[in-house]
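Working notes, structure below.
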Amino acid sequence: MNPDVMISYLPLYKDALFLTMRVGWKGVVIAVLIGLIGSAILHFEIPIAKTVVSAYIQLFRNTPLLVQLFFIYFALPKIGVRISPEACGTWGLGLLGGAYMTETFRSGLENIPKIQFESAESLGMSRGQVFRYVILPQAISSSIPGLMANVIFLLKETSVFSTISLMDLMFTAKDLIGMYAKTIECLTLLVVFYLIMLLPVSILGNIVERRLRYAEFGD
Amino acid sequence: MEKALLSVRNLHKEFDRNTILKSIDLDVNKGEVIVIIGPSGCGKSTLLRCLNGLEEIQGGEICLDGKRLQKNAKDISSMRQKIGMVFQSYDLFPHKTILENILLAPIKVQKRTRAEAEAEALKFLEKVGLADRKDDYPRQLSGGQKQRIAIVRALIMHPVVLLLDEITAALDPEMVHEVLQVVLDLAKNGSTMLIVTHEMTFAKAIADRVLFLEHGEIVEESRDPKAFFEMPETERARQFLKSFEY
């Protein structure tokens, strides 16, 4: 392993890291927004919209991200919808994540005992007030562990972006290996940069989870 | 006779084609304490839940202050503010402090100012002996304490009728007393209450009227609780009371 080679690659990896994080986090934000809206639709059992959301979840959870990206990147242009690799990655990740987030938030909502609704309603609160002040805060805290797991999963899934020529970490590593054959150096750097991106998220996740558990059981 | 505060006419409730309540007639007068007893599954909890609009009814009508209850959201909300309810499992909001639990509805539903509602909340907390716990979370309280808070949470809305649904059934025996004491004080101060309970001694002490329910019907109604608990008129009520003896 040649440290000088690795140091010379650092700027390329840094650029790739920023791109990966930018696309990854944009995708995560879209996923969370879709998840909030989707789970509210399922929770309130809004007709038609409910069926659409269920179909969406099944479609995106049961097909690989790679296939979804290929569809967006290569198939949509054939019917006149052309988008940049970065937008494709963002939306691909966001739509996949949205399906997972919807499921996570929905189960968070389902975990709230029915009597919590009733005791809030019995105080005269409207359905909207019950949802906003009583149900949602509890659902969010019980969804946090699942949410964090989804975030890490989505950020890792960015590695398939290389297939649509988005210059993310994986693409950069493969490219450099292809050109200079410094396989060990490139792959080591790849691991290190994924850790730089994901370790803070994992650690933050653990802290949040521990605090939530204290909030439930300790004092 | 003065007009009933809450009146139920020919109430009918079905669930999956099973009749839970049939032709219930009931008038609740101001200041009256009515205790509803009966074997489990007789429909007594369901009756309270119907009065609060938590269960849809299939027939009959419920009138509060002479006004018939409608199904629309606005009506149900204003009715629920007038009819307070306390449940068996207290059901405080676990993510809010005791004070926030009590203040949520007065501020958000009745649009009262925080200062005014808080002053009243503290007065109530003082009365039930829990003023020092106002910043604690529900998980830090015992069952009996939680139930007293649940009562305060209902009272602060100034309900004209209070529905108590087996409020001591989930409590350890030594905590039953502290909760029932609060209810006895309310009765002394003229609160109108409908109480479902299995505490027969308590029922005898507090009731102005006793209803014995079985299979969704009022089998016996007595305006003389002492006499009822000594010797009910119906055989079924007699058998039921006997099941509490050892």
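Descriptive notes on the structure:
- Applying 1/(1 + (r/R0)^6) with R0 = 22 Å to the Cβ-Cβ distance of B:Glu174 and B:His198 gives a FRET efficiency near 0.85.
- Inter-part distance, segment A:14-29 to segment B:224-246, computed on C-alpha centroids, equals 74 Å.
- Net charge contributed by nearby residues that have their C-beta within less than 14 Å of B:Arg9 (K/R +1, D/E -1): +2
- Under the Debye formula (equal points on every Cα, no solvent term), log10 I(q)/I(0) of segment A:152-211 at q = 0.19, 0.22, 0.28 Å⁻¹: -0.72, -0.87, -1.13
- Counting only alpha carbon atoms, the long axis of helix A:49-61 and the longest principal axis of chain A meet at about 30°.
- For B:Val219, distant residues with modelled amide H under 5 Å away: B:Phe212, B:Leu213, B:Glu214
- Cβ-Cβ FRET estimate between B:Lys127 and A:Ile203, R0 fixed at 41 Å, reported to 0.05: 0.30
- Using θ = phi - 60° and Karplus 6.51 cos²θ - 1.76 cosθ + 1.60, couplings along segment A:4-18 (whole Hz; Gly, Pro as x): 4, 4, 4, 4, 5, 7, 3, x, 5, 5, 4, 4, 5, 4, 4
- Spatial separation of Cα centroids for segment B:143-169 and segment B:24-62, in angstrom: 17 Å
- Neighbouring partner chain Cβ atoms per residue of B:90-98, average, 10 Å criterion: 5
- Rounded to whole numbers, the Karplus 3J(HN,Hα) couplings from phi for segment B:228-236 are 4, 6, 5, 7, x, 6, 8, 5, 5 Hz, using 6.51 cos²θ - 1.76 cosθ + 1.60 with θ = phi - 60°, and x at Gly and Pro.
- Across chain B, the mean sequence separation of Cα contacts (distance under 8 Å, 6 or more residues apart), normalised by length, yields a relative contact order of 26 percent.
- The Kirkwood radius of segment A:3-217, taken over pairs of alpha-carbon atoms, gives through the Stokes-Einstein law at 37 °C and 0.692 mPa s a diffusion coefficient of 171 µm² s⁻¹.
- Long-range amide H partners of B:Arg209 with built H, under 5 Å: B:Val33, B:Val35
- Mean ellipticity per residue at 222 nm, deg cm²/dmol - from DSSP H runs of n ≥ 4 across chain A, formula -39500 (n - 2.57): -25500 deg cm²/dmol
- Helix B:173-188 axis, angle to chain B major axis (alpha carbon atoms, nearest 10°): 90 degrees
- Global form of the protein assembly as shown, assessed from the alpha-carbon gyration tensor, a/c cut-off 1.5: prolate
- Classification of segment B:1-127 by its C-alpha gyration tensor yields a prolate form. The axis ratio a/c (a ≥ b ≥ c) is 1.5 or more, and a/b outweighs b/c.
- Cut-off 13 Å between beta-carbons: net charge of the residues surrounding B:Ile151, Lys and Arg +1, Asp and Glu -1: 0
- For segment B:38-49, 3J(HN,Hα) computed residue by residue from phi via the Karplus equation (6.51, -1.76, 1.60; θ = phi - 60°) reads x, x, 5, x, 7, x, 5, 5, 4, 4, 4, 5 Hz, glycine and proline entered as x.
- A Cα-only calculation for segment B:30-72 places Rg and Dmax at 12.0, 33 Å.
- Cβ neighbours within 10 Å from other chains - mean over B:81-87: 3
- Computed [θ] at 222 nm, helices only, for chain B once each DSSP H run of length n ≥ 4 contributes -39500 (n - 2.57): -11000 deg cm²/dmol
- Distance between segment B:187-218 and segment A:41-115 - C-alpha centres, whole angstrom: 54 Å
- Structure remark: mean-square fluctuation, Gaussian network model of chain B, C-alpha springs under 10 Å; the largest value among B:Met85, B:Met193, B:Met175 belongs to B:Met175.
The numbers here are math on the coordinates, done by the rules we state, and not lab data. What you are looking at is a predicted structure, and each value in this text was computed from that prediction instead of being measured. Cβ coordinates were reconstructed from backbone atoms using ideal geometry, including for glycine residues, and neighbour counts include every protein chain displayed.
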